[in-house]
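Visitor: The structure's right below; bear with me while I get my questions together.
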Amino acid sequence: MSEENVTRVYTINLGRAWLTPEHKRTDRVVNMIREFAEKHMKSGDVKLDQDLNRQIWSRGKTNPPRKVRVKMVKDEDDVVTVSLYEEPTESAPTPAPAATEAPAAATAEAKPATEETKAEEQPKTQ
């Protein structure tokens, strides 16, 4: 009944960590992420990625982030790996924006010509 690599993306609100004493906040945030992963991925074995851990601890022990966007991957052995979510970037631009840029470029070319004619008219009238 094991599932193959279930992947989910969550934004975890960590604001409740501010209810704990100041010197324990980041420790509490790490525990909150583990508890969130256990609850939502239904697994007791949770591992935090090194990059996620570094981001959480980057501002010290007393000032962790208020929210964090994470990607959770549950493998076949029910081990959940929590890592930072990175937005996918598109390598090839779509043809639709290129078509919309052409009229904007034509409009941009037309405006400087109008400004030049206004600049030429002003000295003549004086």
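Visitor: Residue-wise, which Karplus ³J(HN,Hα) couplings in Hz belong to segment 30-40, taking 6.51 cos²θ - 1.76 cosθ + 1.60, θ = phi - 60°, and x for glycine or proline?
Guide: Running phi through 6.51 cos²θ - 1.76 cosθ + 1.60 with θ = phi - 60° gives 4, 5, 5, 5, 4, 4, 4, 5, 4, 5, 7 Hz.
Visitor: Another one. Given H placed 1.01 Å from N in the peptide plane, which residues other than close sequence neighbours of VAL6 have an amide H under 5 Å from its amide H?
Guide: Hits under the 5 Å cutoff: LYS74.
Visitor: Taking the Cα atoms of segment 28-70, report the difference between the largest and smallest coordinate on each principal axis, in whole Å and largest first.
Guide: Cα spread of segment 28-70 along its principal axes, largest to smallest: 30, 17, 16 Å.
Visitor: Next question, about the same structure. Can you list the HN-Hα couplings for segment 66-76, worked out from phi with the Karplus curve (6.51, -1.76, 1.60; θ = phi - 60°), rounded to whole Hz and with x for Gly and Pro?
Guide: 6, 8, 9, 9, 10, 10, 10, 10, 9, 8, 5
Visitor: On to the next question. I'd like the Karplus ³J(HN,Hα) series for segment 77-89: coefficients 6.51, -1.76, 1.60, θ = phi - 60°, whole numbers in Hz, and an x wherever there's a Gly or Pro.
Guide: Karplus values, whole Hz, x for Gly and Pro: 8, 6, 9, 9, 10, 9, 9, 5, 8, 10, 4, x, 9.
Visitor: Let me ask something else about it. Could you work out the Kirkwood radius for segment 6-84, taking every pair of different alpha carbons, averaging 1/r and inverting it, reported in Å?
Guide: Evaluated on segment 6-84, it is 12.6 Å.
Visitor: Could you tell me how far the Cα centroid of segment 45-81 sits from the Cα centroid of segment 4-36, in Å?
Guide: One Cα centre to the other: 8 Å.
Laboratory data are not the source of any read-out in this text; all were calculated from the coordinates shown. For clarity, every value in this text was computed on a predicted model and none was experimentally measured.
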